[in-house]
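Structure record follows, encoded as structure tokens.
The values are calculated or read from the model by the stated rules, or taken from the named source; none is laboratory data. This is a predicted model, so every value here is computed, not measured. Here the Cβ positions follow ideal geometry from the backbone for every residue, glycine too, while neighbour counts run over all protein chains shown. Areas reflect the complete protein model, heavy atoms only, side chains present, ligands, DNA and RNA absent. Shrake-Rupley method; radii C 1.70, N 1.55, O 1.52, S 1.80 Å.
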Amino acid sequence: MKAMTWKRFNMVLIGNLFIGVAVALLRISALGTDPFSTLNLGISGFLGISFGVYQLIFNPFLLVIVFIYYRSLIGIGTIVNMVGIGFISDFIVFGYNFFFDDMSILAIRIVMMAAAVIFASLGVALYITPNLGISPYDALAFVVEKVSKNKIPFPIARITTDILCVAIGFSFGAIVGVATVIFAFFTGPLIQFFRKHVAEPMLAHEKAPAVAASLK
């Protein structure tokens with residue numbers, strides 16, 4: 001972890017805001033969501049509770065696993081992500097449904113999906129670069145890699161958890177579409193682009209000292 005500064009904290013807040021907006025746009029476009037949201041939307045819909053409430057209930061279970069096996073990945077960014085994403089998404093979706101009742105124009109839905117990919121990639125870059133903690137789900141693949149003593153590398157662990165999330169979410173009725181595939185396999189380069197050209201330059205002149213080892 002890095003020492004928290006206002007700049008790093010604000011990057012975490014803005015990054016998670018962008019991710020929440022992205023999830024809302026994906027839900028409205030009905031072209032699929034990212035794998036973890038697919039899982040949460042499927043089960044929350046089955047249980048009849050809101051997306052935000054379900055994430056707030058489910059995330060602590062993952063947090064316990066991360067705390068046991070890789071607690072250095074937990075920080076203020078973890079809490080912001082756990083609490084914020086679902087409710088930001090719910091608020092925007094509720095507002096949209098209050099004013100509009102139809103999203104049948106495919107071209108508009110595709111534009112919303114494309115915007116969501118950009119927002120989410122930029123949001124992830126902004127919230128992970130300050131190194132103030134990551135979401136329990138993002139940390140899960142690191143845990144698998146560590147527990148397996150590197151026999152299961154991070155990319156394989158992440159793809160596996162993503163596929164499981166999609167399969168479970170779909171079985172509970174969540175929409176799986178082109179956006180799901182894009183988020184599962186193709187957003188990595190965009191996140192790296194925004195880290196290099198946006199997030200890292202924002203911290204280029206910061207003098208805050210490291211208080212622990214950075215993520216490996």
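Table for the structure above
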item: Among the residues listed as ILE105, ILE118, the single one being closer than 16 Å to SER29 by Cβ, open to solvent by 50 Å² or more (accessible area, probe 1.4 Å), out of contact with any Asp or Glu (no Cβ under 6 Å at 6 or more places or on another chain) and in contact (Cβ under 8 Å) with a residue 12 or more places away in the chain; result: ILE118
item: The range 1-22, subset part of a helix (DSSP H, G or I) and of a type in the set (D, E, K, R), residue nearest to ILE76 (Cα to Cα); result: ARG8
item: Unmet requirement for ASN131, which otherwise passes all of (1) open to solvent by less than 70 Å² (accessible area, probe 1.4 Å); (2) closer than 22 Å to ALA199 by Cα; (3) part of a helix (DSSP H, G or I); result: (3)
item: Subset of the range 156-186 [over 30 Å from ARG109 (Cα atoms) and open to solvent by 30 Å² or more (accessible area, probe 1.4 Å)]; result: ILE156
item: Hits in the range 23-52 - residues which are open to solvent by less than 60 Å² (accessible area, probe 1.4 Å), assigned to a helix (DSSP H, G or I) and of a type in the set (A, V, I, L, M); result: VAL23, ALA24, LEU25, LEU26, ILE28, LEU39, LEU41, ILE43
item: Search result, residues across the range 142-199 that are of a type in the set (Gly, Ala, Ser), within 22 Å of ARG27 (Cβ to Cβ), assigned to a helix (DSSP H, G or I) and touching a residue at least 12 places away in the same chain (Cβ under 8 Å); result: GLY169, SER171, ALA179, ALA184
item: Residue selected from the range 6-22 under the condition aromatic (Phe, Trp, Tyr) and surrounded by fewer than 16 Cβ atoms within 10 Å (Cβ to Cβ), by the criterion nearest to TYR127 (Cα to Cα); result: PHE9
item: Some residue of the range 53-72 being small (Gly, Ala, Ser), open to solvent by less than 50 Å² (accessible area, probe 1.4 Å) and on the phi < 0 side of the Ramachandran plot; result: no
item: Unmet criterion (only one of (1) surrounded by 14 or more Cβ atoms within 10 Å (Cβ to Cβ); (2) touching a residue at least 24 places away in the same chain (Cβ under 8 Å); (3) part of a helix (DSSP H, G or I); (4) out of contact with any Lys or Arg (no Cβ under 7 Å at 6 or more places or on another chain)) for ALA125; result: (4)
